Amino acid sequence: MEIIEQHQTIFLIMAFGFGLYMTWGIGANDVANAMGTSSVSGALTVKQAIIIAAIMEFAGAYLAGGGVASTISKGIIDGKAFEPVPELLVMGMLSALLAAGIWLMLGHMRGWPVSTTHTIIGAVVGVGVGGNWHGRRQWSKLGEIVASWFVSPVLGGFFALLLTLSIRKLILNTEDPIGQARKWGPFYAFLVGWLVSLVTITKGLKHIKINLSDVEGQILAVIIGVVLAGVARYMMNRIKTDERADKDFHYASVENCSFR
């Protein structure tokens, strides 16, 4: 404890610097994953994608980051095992932060498919293995985290398959794809707005001391979904049909992302 008291300023500076370093790695890796499709498809310019990502990443960290931070800081290793030497836990977590940042940078430079979540959790587990002499690691919590890495892709792929099949049936495999897109597009926008806002409302607002009941949360999520559907309808109506291009490619207009 004396070491922490004597060098707390240095520890704070190191935590701030290592945190910024890892943030740079997260931006280089995760933002590309989140916004790459929108940018490459032409729906957003690179500048627009960066601005939107900056706003949304900050909002996500502020609203939903509390649960993640709590799991990483307390759910993986047992802090009580470090009570005799608390400075070891401080230096261990700083080491985990720096190691995760280095690995993200290396993976990004080499084009490897790295994950920031896997990286930081692996680094914290390393701290527990290296410093937790009595093996007091939260293996049950770690098992839940690892299980989610397998369950989430499977469920995500299943629902993505259903959405893709519905889009093919309702929009693409029709005689008037652009008309069907204008008809069904707002519905898909509503689903996105409703689901994402519902997750934020139920998981994130409590971190900023806003507590809504289940009914209030559902109503707010539906309102947000309806607003987003209205915006989607307005933007889709601005897309003009290119009949000449449609003759060469049946889906030219429905896949058009520019507004003229």
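None of the figures in this text is laboratory data; all of them are computed from the coordinates on show. Being a predicted model, the structure only gives us computed values, none of them experimental. Every residue, glycine as well, gets a Cβ built from its backbone with ideal geometry; the counts of neighbours run over all protein chains shown.
Overview of results
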{"read-out": "Inter-probe distance in nm under a simple model that places probes 7 Å from Cα toward Cβ, at residue 28 and residue 222", "value": "4.7 nm"}
{"read-out": "Two-site label geometry, residue 158 and residue 37: point separation in nm, points 7 Å out along Cα→Cβ", "value": "1.9 nm"}
{"read-out": "Backbone N under 20 Å from the residue 3 label point (7 Å along Cα→Cβ), restricted to the stretch 89-118", "value": "89-100"}
{"read-out": "FRET efficiency, 1/(1 + (r/R0)^6) with R0 35 Å, evaluated for residue 173 and residue 203 via beta carbons", "value": "0.40"}
{"read-out": "Mean-position separation - Cα centroids, the stretch 7-73 and the stretch 201-226, in angstrom", "value": "24 Å"}
{"read-out": "Residue 183 paired with residue 59, simple spin-label distance in nm, labels 7 Å along Cα-to-beta-carbon", "value": "3.2 nm"}
{"read-out": "Coarse-grained scattering of the stretch 1-137 at q = 0.13, 0.20, 0.22 Å⁻¹, given as base-10 log I(q)/I(0) from a Debye sum over alpha-carbon atoms", "value": "-0.65, -1.24, -1.38"}
{"read-out": "Within the stretch 1-35, backbone nitrogen closer than 12 Å to the virtual label 7 Å beyond the Cα of residue 85 toward Cβ", "value": "1"}
